[in-house]
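Note sheet for the following structure.
Bear in mind that the values in this text are calculations on the coordinates, not laboratory data. Source: prediction; values computed, not measured. Note: ideal-geometry Cβ built from the backbone for every residue, glycine included; neighbour counts use all protein chains shown.
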Amino acid sequence: MTHRTTLLRNGVKLALLSATVLLCGAQNLRAEEITGAGSSFAAPLYQAWSAASSASTGVRVNYQTIGSGAGQNMVLAGTVDFGASDAPMAPEKLETGHLMQFPTGIGGIVVIVNVPGVPDGALRLTGPVLAGLYDGSISSWNDPRIVELNPSLKLPDLPVAALHRADGSGTTFVFTDYLGRVSSEWSTAVGRGTSVDWPAGSGARGNDGIASYVANTEGSIGYVEYAYAERNHLPMVQLQNKAGGFVTASAESFAKAADSAQWDDKTLTAALSDTQGEGAWPIVTTTYVLVPQHLAGTEHGQAVRTFFRWGLTNGEDASRKLDYVPIPARVRTMALGRLDQLAQPGTPKE
């Protein structure tokens, strides 16, 4: 073999190698990006799923944490590929909006406080007392109703600064739904919703806003998704559940609530707050995904299907590390069936 022949063959190998590198680069450039928006409760979960799955699925997720209400509005307007909401959308609204809905994870809403001299997990509250803190009828931390529940704590004569979400929020929907279940006064005067007319307190945007305010304000109380409280090392309270016990928030107590809930096979929804389960945390929610049916058969529709199929079948470890509870196996199977509809030609968007 001549030197010239060797150089030619090496040149061919280099050319082939370069072509392969360029092809791989082109494939990476063509990796599908999908956009989602909504629930701050679900944000850590979808961020973890995206980081863990992108190498194998080729799907990148651009997720905007803007609250469940805004997420529902954006998916209805067609400006994102999927919306995320902790408050399930009503069946008639799903139908008129040509959306499919399915659950992806379960977690707890916790109550955080900044009360001087009170250690993390030491303060005990009942549902009616919590409602009183938020409707303004309990305005001081040494109120007799709180003292009675906590005889071993030295509670300060300090005003209560109750903080709620200022944005439309699925977390607020779940929290106010719970307060309405445990307090007839709250149910009548305020009710439940992603936004309500709060009778007292101040507002902040997002779980991060609530967490930051409580961390820096003595006398404050707020409600956030469990991961935000854990991440920011914020003191959480014990809550009395429907079975009568005072419960600490944890993945185990969230799972006990999920196990005692009844799922609706048609809507794939469940009421997880204030369940009868022994040891169940009383404020638990499912987070839902909303996907436009017109994406079926499109590249973005396939990318959405690929991402959430990966999450539902391979994302349990990532979910548990963030203290989410995976949805029950039977419900997951039905959710995957709905995702398979995105493999079919879609309904043209009107």
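Things worth noting here:
- The chain: angle of helix 3-29 to the longest principal axis, Cα-based, in degrees nearest 10: 30
- Against the rule of thumb 2.2 N^0.38 Å, how large the Cα Rg of the range 150-309 comes out: 1.20
- Put the Cα centre of the range 135-153 next to the Cα centre of the range 270-313 and the gap is 38 Å.
- With R₀ set to 35 Å, the beta-carbon distance separating Ser152 from Arg231 gives a calculated FRET efficiency near 0.75.
- The mean sequence separation of alpha-carbon pairs under 8 Å and at least six residues apart, normalised by the residue count of the range 199-350, gives a relative contact order of 19 percent.
- Stretch gain in nm, segment Phe246-Asp265, where the contour uses 0.36 nm per residue and the Cα spacing is subtracted: 3.7 nm
- With R₀ set to 45 Å, the beta-carbon distance separating Ala52 from Glu92 gives a calculated FRET efficiency near 0.80.
- Computed 3J(HN,Hα) for the range 290-307, one whole-Hz value per residue from the Karplus formula 6.51 cos²θ - 1.76 cosθ + 1.60 where θ = phi - 60°, is 10, 10, x, 5, 5, 6, 4, x, 8, 4, 5, x, 5, 5, 4, 4, 4, 5, glycine and proline marked x.
- The DSSP beta bridges internal to the chain are antiparallel in roughly 60% of cases.
- Under the combined filter of DSSP loop state and at most 10 neighbouring Cβ atoms within 10 Å, the range 98-179 retains these trypsin sites (Lys or Arg not before Pro): Lys154.
- For the range 204-350, the Cβ-based charge dipole about the Cα centre amounts to some 320 debye (Lys, Arg positive; Asp, Glu negative; other atoms uncharged).
- Both numbers refer to the Cα atoms of the range 110-224; Rg and Dmax are 13.3, 38 Å.
- Taking the Cα centre of the chain as origin and assigning +1 to Lys and Arg Cβ atoms and -1 to Asp and Glu Cβ atoms, the resulting dipole is close to 1400 debye.
- Distance histogram in 5 Å bins (all Cα pairs of the range 214-350, percent per bin): 2, 9, 16, 16, 16, 13, 10, 8, 5, 3, 1, 0
- Global dimensions of the chain from alpha-carbon coordinates: Rg and Dmax equal 24.1, 99 Å.
- Residue among Pro119, Tyr178, Gln101 farthest towards the positive dipole end of the range 99-178, charges placed on Cβ: Pro119
- Rounded to the nearest 10 degrees, the inclination of helix 43-57 to the longest alpha-carbon principal axis of the chain is 20 degrees.
- Sum of side-chain charges, Val284 neighbourhood, beta-carbon under 14 Å (Lys, Arg +1; Asp, Glu -1): -4
- Computed over the chain: relative contact order in percent, which uses C-alpha pairs under 8 Å that are six or more apart: 24
- Radius ratio Rg over Rh of the range 189-248, counting only Cα atoms, Kirkwood formula for Rh: 0.99
- Applying the Kirkwood pairwise sum to the alpha-carbon positions of the range 40-134 produces a hydrodynamic radius of 16.5 angstrom.
- Our coupling estimate for the range 269-278, obtained by passing each phi through the Karplus curve with A = 6.51, B = -1.76, C = 1.60 and θ = phi - 60°, is 10, 8, 8, 9, 7, 6, 7, 7, x, 5 Hz, Gly and Pro reported as x.
- Legend: P(r) of the range 92-152 from all alpha carbon pair distances, 10 Å bins from 0, whole percents, reading 16, 38, 15, 16, 14, 2.
- Degrees, to the nearest 10: 68-77 long Cα axis against longest axis of the chain: 40
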